[in-house]
Structures are given as structure tokens and as C-alpha cells.
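As C-alpha cells, the structure follows; a few thoughts come after it.
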Amino acid sequence: MADLPATPILDRVKLPADLKGLSDRELRQLADELRAETISAVSVTGGHLGAGLGVVELTVALHAVFNAPRDKIIWDVGHQCYPHKILTGRRDRIRTLRTEGGLSGFTKRSESPYDPFGAAHSSTSISAALGFAVAADLGGDPGDAVAVIGDGSMSAGMAFEAMNNAGHLKKRLFVVLNDNEMSIAPPVGAFSAYLSRMYAGAPFHDLKSAARGMVSLLPEPFQEGAKRAKEMLKGMAVGGTLFEELGFSYVGPIDGHDLDQLLPVLRTVHARANGPMLIHVLTKKGKGYAPAENSPDRGHARAKFDVVTGVQKKAPSNAPSYTKVFAESLIREAEADPKIVAITAAMPDGTGLDLFGARFPKRTFDVGIAEQHAVTFSAGLAAGGMKPFCTIYSTFLQRGYDQVVHDVAIQRLPVRFAIDRAGLVGADGATHAGSFDVAFLANLPGMVVMAAADEAELVHMVATAAAHNDGPIAFRYPRGEGVGVDMPAKGVPLEIGKGRVMREGGRVALLSFGTRLAEVLKAAEALAARGITPTVTDARFAKPLDRDLILQLARNHEALITIEEGAVGGFGSHVAQLLADEGVFDHGLKFRSMVLPDTFIDQASPEAMYRIAGMDAPQIEAKVLEVLGVSVVGKRA
């Protein structure tokens, strides 16, 4: 009788504890199966592919050696956590990644006890791990803490702040530096160059340890090689020196795809370490899947794709993306003005500045994952006479808020903030939603805040920002495609603080700020079928407000409703303040403000998220009927 095919090892692994009974040979097979399962799952859902493929062996090794969930394994950012999710009881749901009601694309505490700390923004893992380590010493949750952080994330100051503190406290703590020489974009800066020098010579690709006293902790076969590596490092300012000065013992670099190296080293340090330990592993983003390995971004983010060919299945669109419209508009402005420069924080592709950089390489600056530095660097450029466009996603600009206040706004420096991914962004969920920028920018004295209602308006707002030299100015726009309007040949600067009337009506005025305007117009059509003809206006500016327009709408209508893609405290709150100051409410105006709800909305399609938020056309229509006291139920005229 022919031998029956062996049951895949992955089918026998329900939780990390199941890895404890596997031999090293079986763990290697498990890694191969885990990589195939990750590729298969992401081909169905889309998502962050390359980062996960780069840590398959590391994921297996960590769960084989450490004892999660008692031990806390913290994945920085979380782009790489899909293999971890498969091994931690979520394989049966892995094909729901990033979909409504499905698994998050990042680690999430409410999703699993194996996700001890939620992530999605970078460079937080070491701080969190140190918190767990100190808590364990003080009688909190027991167990070791392990932070897995990429070389790109190590460029952020917060990572070094945490390492400095950890070295001072001398707590038992493990930091795995996942060095793939590539974050989302090719990593920039001196730190990546430092890491590159550490393994520039062939002998360094053996296990090497530059930590004092670490050689004795290594398994016997590694000790001789480590001693040779230490000899090589004498007199050189590379190796573990930087980490040692921060108080860490250092092991590495080691091949992060070789379980014959990973397992012995992790087992040894797990058994022997008594202070902060840094394990430096070299990996390859997209490892084991040729279409990802050969892609410029190593398969960072993917739509659904064909597993055999790697070809992505993107829906065709006739409208350009807002990001591309911004980039092309900025290029046109920069062609006419040599003082325009562009700054991004490790997101040149996502912000469109890869296009600007190709045209103006000397006027494009990717500062790495360092939003605080990006803002103050832009402030310095402005003070030096340049016209900086600081181009950052809304969710990441939050990280540089003190610098926006202190280094830009107080000094009234003309930094132009181009805020991509404004509003609800879809599959990335709450962590990447651009919900708060209007509220945290419009309260700053001297700040101008605009929102584009469509892609043509964005062209004009880029021109407005380029022409504005009287203090800081910001303009926001969403992810995805525009609405398909006719595009202007060239941007024309808008009059600061002036909105526009889209259609005249009576009884109720709808004052939209941002790209909800398309839904507002749909709602207006539906209301017209009921015999209600609202006035529809596009505010354009949250600060300064179009005072004359707003007061005119308030005087000439029974009700005024603002609609915006942001949290409470933004545009609608400023309108309410104006109306209160002017005593408009004393005359019986019915005012409502439609904002994002006071909750974090989980991942879904953007359309579904706005439906959940109560901000699509039918719900705008329902709000008007409610305010006017008209029954929602009833036949349209």
C-alpha cells in the first residue's frame, strides 16, 4: 500500500503551545507551510504581504521558544503579524483580514490574548515591552516581554528613548531588531547606514557578538565564531557598540531565515539573560514569494492577487486618485517656483512624493519614520526662506502635534501641511483614520485649514497653499479616487476664508466641509423629490470661517446643518461658536452638526464605514427630515 500523504504540520498547530512538541525539522516544515498559508490568505483579502513573509521563520522561532500569551510578544507597527495570527488560534478567520467584521490587519488587544499590545503606528514596541517588564517586577502580569522592531522603525526617536530608559532600568527585556534593510520605503538616514556597515564584510554573516560577556552564553558551536567576530570588531566603531552604550547586551547579526541559527540563540538568551538584550536578525522582506521579492516595495501592500502570477486584481477607475492629483499639482507649482520643497516621513509612495522626487530629487526630503522631525525640519526650511510642503497622512501628523504648535504656529511660519488619508480610510481601520486633524489644527491661532470637496478643488488648494506666505496653512484630502469632475488646467488660488454656494434653496441649508459634498448633493436630490429644496454650500475653509456666508445662511433658513469627515471639535464646532457669539440661536435657528461618532470604527470599506458613522446620503436626508419635523417614512413626491 502506498504511503498516505502526511498531515500538514500547520493543521496540527492550533495554538503556540502546540509548537513545543515539534522537532526542529518539523519547525522548519511548519515555516514553509506558514509562508504558503500567508500568501494564500492575502491573495484573497489583500493586505500587507511582504513584511509578514519576511518574519515567518522568526515568528515560528519566537513562539517555539517563548510562552505566549504569558510571555508578551509585541510586533512593532503590526504589518508583519499575519503569520503570528495564523499560529495563535485565528487561522480559521485569516481570510477575513481587513474586512468588515473580520480580523484587523494589525495586532489588537480586543481580538486575542496573544496580542498583548495593539499597534499600527511604528516605534512603540520597546516602550510597551519595557512597561510589561516593569509591571511584571512590580507584581503585574508575569512573563517575559519581547519587542520585534524593524530597522525602519528604529529611526524614530521614541525607539531610542525607550532603549535608553531600558538600559538604565536594567530589566530583563528582549528586543529583536528585524533588519530587512527596507521599511515601507527604502530606509533612509544614518542609522540604516550604521546597520549596513555592521554586516558589510563576509565574516560578519556568521553569528557575531559584540557584547561583553555574551560569548559564554552562546551554544558551543557558536562560541568560536563569536570570538573571531569580537576580534574583528576591535578598534571599529560598529557592531554592538551603539547598543552596548544604551545598556543592552547584543547578539548578531544572525540569519533570520535560518532556524538552525535562530532557535539555538533564542533558546540560550531566553534561558540566561538577566538584563536588556538585543538580538539582531537579518531578513528579507517578501521572502519566499518571487513576485513580492522582485517588487520595488517587496510586496508591502497588496490588493487581492493571483498567487501564481502575483498580478493584483485592482478595480478600474476613470477618476484619478487624490494622491496623484496632489503630486501632479505640486509638480506644476514647483516648476514655476524654485523655492517649493516637499517633505515626507517614510511615505514617498503613499503621499505621491515619489513622483515629485523623480522630477525634483534635490527638493524632496524623506526624513524616515520621524514625523516630529519632519514638522520642525519644515519649520526651519520655512524660516530659511523656502516654501515647504510637509506631506503626511492625517493619522501620522498626530505624532508631530507639539511641533505643529510650538515650532510652526507660534512662530507663524508658512509651512504648508498636505494632509493625505483624511477621513475614514477603510481596511486599515481606526488606527489609520484621519478623524482628528481639523479639530487639532483649527484651534491654533493663525492656522488656515482647508478641505477639498473633490479633485478639482484639491488642485486649487495646492495653488492656494503655494501662494500663501502669511503663516501656516493646511489642506486635507481623502484616500482613493476622486469623484470624476472636470479638471482645471492649472490651479487658481482661492480667496482665503471664502466658501461657495453649489445650489440655492430654502428652509434648510446644508454646509459641507470636505468630500462629503457628493453625498450631500445626492441627499439634496432625494429631498427635492419630497418637495424640499435645500441650499447646498461648500465651506472650503474651517479656519478662517466664511463668516458672511454662514450668517447669511442662518438668517435666511429655518435650519442649518454642517457635515464633515471629522470628529467633534472641528468645523461644526467652530460654526456653532460663531452662531452663539452672534446670538443667532436667540432667533430660533435649528442647528445640527453631523460629525464622526464618538467611537473608533473598525475596518470596513470606506462606504460601509461612513454608513456606520451615519454620514451617507440617506442619513443626511433623514437628518434634514428630522430637523424639519417631516416623517422619514412616507412616499416621495
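Look at Pro606 and say whether it is surrounded by fewer than 15 Cβ atoms within 10 Å (Cβ to Cβ) and closer than 30 Å to Thr96 by Cα. Answer is no for this residue.
A count restricted to segment 607-626 and to residues that are of a type outside the set (A, V, I, L, M) and not in a helix (DSSP H, G or I) stands at 2. For segment 11-49, the tally of residues that are more than 16 Å from Gly286 (Cβ to Cβ) and surrounded by fewer than 19 Cβ atoms within 10 Å (Cβ to Cβ) stands at 17.
How many of the residues in segment 100-113 are buried (at least 21 other Cβ atoms within 10 Å of the Cβ) and in contact (Cβ under 8 Å) with a residue 40 or more places away in the chain?
Pass one, segment 100-113, residues buried (at least 21 other Cβ atoms within 10 Å of the Cβ): 103-108.
Going one step further and asking which of them are in contact (Cβ under 8 Å) with a residue 40 or more places away in the chain, we end up with 104-106.
So the answer is 3.
Only one of the numbered conditions (1) in contact (Cβ under 8 Å) with a residue 24 or more places away in the chain; (2) out of contact with any Asp or Glu (no Cβ under 6 Å at 6 or more places or on another chain) is not met by Ala489, and that is (1).
With respect to the conditions (1) surrounded by fewer than 18 Cβ atoms within 10 Å (Cβ to Cβ); (2) assigned by TED's automatic domain parsing to the domain that holds Ala422; (3) not β-branched (Val, Ile, Thr), Gln312 falls short on a single one, namely (2). Candidates Ala334, Ala327, Ala358, Ala346: the one that is at pLDDT 95 or above, within 28 Å of Ala290 (Cβ to Cβ) and of a type in the set (Gly, Ala, Ser) is Ala358.
Of all the numbered requirements in (1) part of a helix (DSSP H, G or I); (2) over 29 Å from Phe600 (Cα atoms); (3) not basic (Lys, Arg), Ala159 misses one, and that requirement is (2).
Which of the residues that make up segment 72-93 are basic (Lys, Arg) and crowded, with 24+ Cβ neighbours inside 10 Å?
Listed by number, the residues that qualify are Lys72, Lys85.
If I filter segment 572-585 for residues that are acidic (Asp, Glu) and in contact (Cβ under 8 Å) with a residue 24 or more places away in the chain, do I get at least one hit? Yes, segment 572-585 has at least one match. Could you please let me know if Phe377 is in a strand (DSSP E or B) and either in contact with a strand residue (DSSP E or B) (Cβ under 7 Å, 6 or more places away or on another chain) or on the phi < 0 side of the Ramachandran plot (or both)? Criteria not met by Phe377. Restricting attention to segment 459-495, the residues that are part of a strand (DSSP E or B) and either within 18 Å of Ala539 (Cα to Cα) or touching a His at 6+ places or on another chain (Cβ under 9 Å) (or both) total 4.
Screening segment 239-320 for helices (runs of 4 or more DSSP H) wholly inside it with 3 or more residues that are at pLDDT 90 or above and either in contact with an Asp or Glu (Cβ under 8 Å, 6 or more places away or on another chain) or over 24 Å from Val134 (Cα atoms) (or both) returns the ranges 259-272. Filtered by the rule that a residue be buried (at least 24 other Cβ atoms within 10 Å of the Cβ) and basic (Lys, Arg), segment 537-565 gives a lone residue, Arg540.
The values are calculated or read from the model by the stated rules, or taken from the named source; none is laboratory data. Treat the numbers as computed from the prediction; the structure is a model and nothing was measured. With ideal geometry, Cβ positions are generated from the backbone for all residues, glycine too; neighbour counts draw on all protein chains shown.
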